[in-house]
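Here the structure is laid out as structure tokens; the discussion comes afterwards.
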Amino acid sequence: MPRRRPASMWSLETLGRVRLSKHYYFRDFLYSEIGSFHRIPNLPRDPDLAIANGQRLCQDLLDPLTETFGPLAIRSGYRSPELNAYGNAHKLNCARNDNPIECHIWDWGTGDAAIAGTSLAIPWFTDRYEQGRDWRDLAWWIHDHLPYSGLWFFPKLCAFNLDWRSTPRRTISSYIAPRGMLLRAGDEPEEPLATRAARYADFPPFRGITYP
């Protein structure tokens with residue numbers, strides 16, 4: 001049986017202490033500007049499912065990014081269905097709850113429909129992007145190294161949506177020029193691997209950061 005939604009400050013604090021991976025706790029994904037400003041609690045309906053899907057996001061995608069590029073800037077993490085619906089209804093950059101690309105509601109899908117996602121920026125790459133680096137260099141690095149499902153890039157900071165799915169779709173889209181869809185589900189990249197690898201030849205070694 002799934003746990004009941006956290007009903008108190010103490011149960012929410014307990015949820016925040018749940019460790020999702022080597023580098024991340026649930027608390028890292030609970031803050032929401034929309035929720036804070038509009039006083040909407042950001043609480044999972046099904047904490048067990050949110051934790052399970054969040055673990056896959058963090059362990060499969062975010063930990064490797066952190067161990068390659070250093071600290072990540074999480075811009076938007078988990079959103080409850082109520083919070084996300086409010087954001088969509090008030091045009092606050094939230095997709096509809098039933099939109100297939102909405103990845104922030106970690107306790108929405110199960111089985112083949114399981115999903116968890118976050119919006120983030122990588123400061124190491126942001127510095128280079130603001131000096132003219134092509135966003136596609138990072139997109140192809142992620143494609144060639146991580147079991148992601150979807151990527152969607154934005155002009156500010158070269159932030160992007162990154163999602164994990166139990167059945168990955170492997171799509172890449174962007175609002176940065178060249179805008180549109182770089183890779184559709186089921187397609188192979190037009191650029192061969194050697195050409196893609198040349199784009200990111202100066203990137204740090206994969207998971208090359210060492211810890212004491």
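The values are calculated or read from the model by the stated rules, or taken from the named source; none is laboratory data. Keep in mind it's a predicted model, so treat the numbers as computed, not measured. So basically every Cβ, Gly included, is an ideal-geometry build from the backbone, and we count neighbours across all protein chains shown.
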Only one of ILE172, ILE142 is closer than 22 Å to GLN55 by Cα and crowded, with 18+ Cβ neighbours inside 10 Å; which?
ILE142
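Scan region 79-86 and give yes if some residue there is under 16 Å from GLY35 (Cα atoms), crowded, with 21+ Cβ neighbours inside 10 Å and aromatic (Phe, Trp, Tyr), otherwise no.
The first filter runs over region 79-86 and keeps only residues under 16 Å from GLY35 (Cα atoms), leaving 79-86.
Among the residues that remain, those that are also crowded, with 21+ Cβ neighbours inside 10 Å are: 79-80, 83-84.
Those left that are additionally aromatic (Phe, Trp, Tyr): none.
Looking through region 79-86, none of the residues is under 16 Å from GLY35 (Cα atoms), crowded, with 21+ Cβ neighbours inside 10 Å and aromatic (Phe, Trp, Tyr).
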Hey, among CYS94, CYS58, which residue is touching a Leu at 6+ places or on another chain (Cβ under 7 Å), surrounded by 17 or more Cβ atoms within 10 Å (Cβ to Cβ) and closer than 27 Å to ARG170 by Cα?
CYS58
Residues being surrounded by 11 or more Cβ atoms within 10 Å (Cβ to Cβ), charged (D, E, K, R) and either part of a loop (DSSP other than H, G, I, E, B) or over 24 Å from the mean Cα position of the chain (by Cα) (or both): count how many of those fall in region 181-199.
3
Taking the criterion of being more than 26 Å from LYS22 (Cβ to Cβ), out of contact with any strand residue (DSSP E or B) (no Cβ under 7 Å at 6 or more places or on another chain) and touching a residue at least 12 places away in the same chain (Cβ under 8 Å), would at least one residue in region 144-155 satisfy it?
yes
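So, restricting to helices (runs of 4 or more DSSP H) that lie completely within region 69-180, which ones have at least 2 residues that are modelled with pLDDT under 95?
Numbers: elements: 81-89, 123-129, 135-145.
Those helices (runs of 4 or more DSSP H) span 81-89.
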